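A short worksheet on the structure shown next.
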Amino acid sequence: MEALEDGVLDGNAIGGLLIELFGTEMTTAVGVCGSCGTVGQVAEMAVYQAKMGTVARCRVCDNVLMVFVEIRGITCVDLRVLASLS
């Protein structure tokens with residue numbers, strides 16, 4: 001896990017969370033930003049982790065691609081700006 005700038009991590013920071021949620025290694029999965037069309041691996045996304053949740057953003061346009069929030073022990077996932085993930 002590499003810090004990109006103050007408080008920003010690479011997508012490897014959410015590797016364990018993704019395995020928990022999807023049951024497989026996802027950092028090498030390729031995602032497409034639904035806003036600018038950038039194609040890249042999850043490991044290349046800019047990740048911000050805070051008490052409220054975790055956000056993965058596109059490195060090119062800075063749009064939010066993934067949001068993970070835990071509510072009452074249940075992890076809620078929002079991938080709506082991620083055009084595809086394979």
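Annotations for the structure displayed:
- Of all the residues in region 22-35, those that are of a type outside the set (Asp, Glu) and open to solvent by 60 Å² or more (accessible area, probe 1.4 Å) number 5.
- Members of region 23-43 found to be free of Cβ contacts under 8 Å to residues at least 12 places away in the same chain and over 13 Å from Leu82 (Cβ atoms), listed by number: Gly23, Thr24, Glu25
- From the options Ala46, Ala56, residue that is more than 15 Å from Leu85 (Cβ to Cβ) and of a type in the set (A, V, I, L, M): Ala46
- Each residue in region 36-54 was checked for being open to solvent by less than 50 Å² (accessible area, probe 1.4 Å) and assigned to a helix (DSSP H, G or I), and 2 of them qualify.
- Close pairs from region 55-67: first at positive phi, partner outside any loop (DSSP other than H, G, I, E, B) and at pLDDT 95 or above, Cβ under 9 Å, at least 6 apart: Asp62/Ala46
- Matching residues, region 55-86, being of a type in the set (Asp, Glu) and assigned to a loop (DSSP other than H, G, I, E, B): Asp62
- Residue within region 8-20 that is at pLDDT 95 or above and part of a loop (DSSP other than H, G, I, E, B) present: no
- Number of the exception - Arg57 against (1) more than 9 Å from the chain's Cα centre (by Cα); (2) open to solvent by 50 Å² or more (accessible area, probe 1.4 Å): (1)
- Residue in region 70-83 that is open to solvent by 70 Å² or more (accessible area, probe 1.4 Å) and polar (S, T, N, Q) present: no
The values are calculated or read from the model by the stated rules, or taken from the named source; none is laboratory data. Only a predicted model underlies this, so the values are computations on that prediction, with no experimental measurement involved. Using ideal geometry, Cβ is built from the backbone for each residue, glycine included, and neighbour counts are taken over all protein chains shown. Ligands, DNA and RNA are stripped out before the accessible areas are found, and what is left, the full protein with its side chains, is counted by its heavy atoms. Shrake-Rupley method; radii C 1.70, N 1.55, O 1.52, S 1.80 Å.
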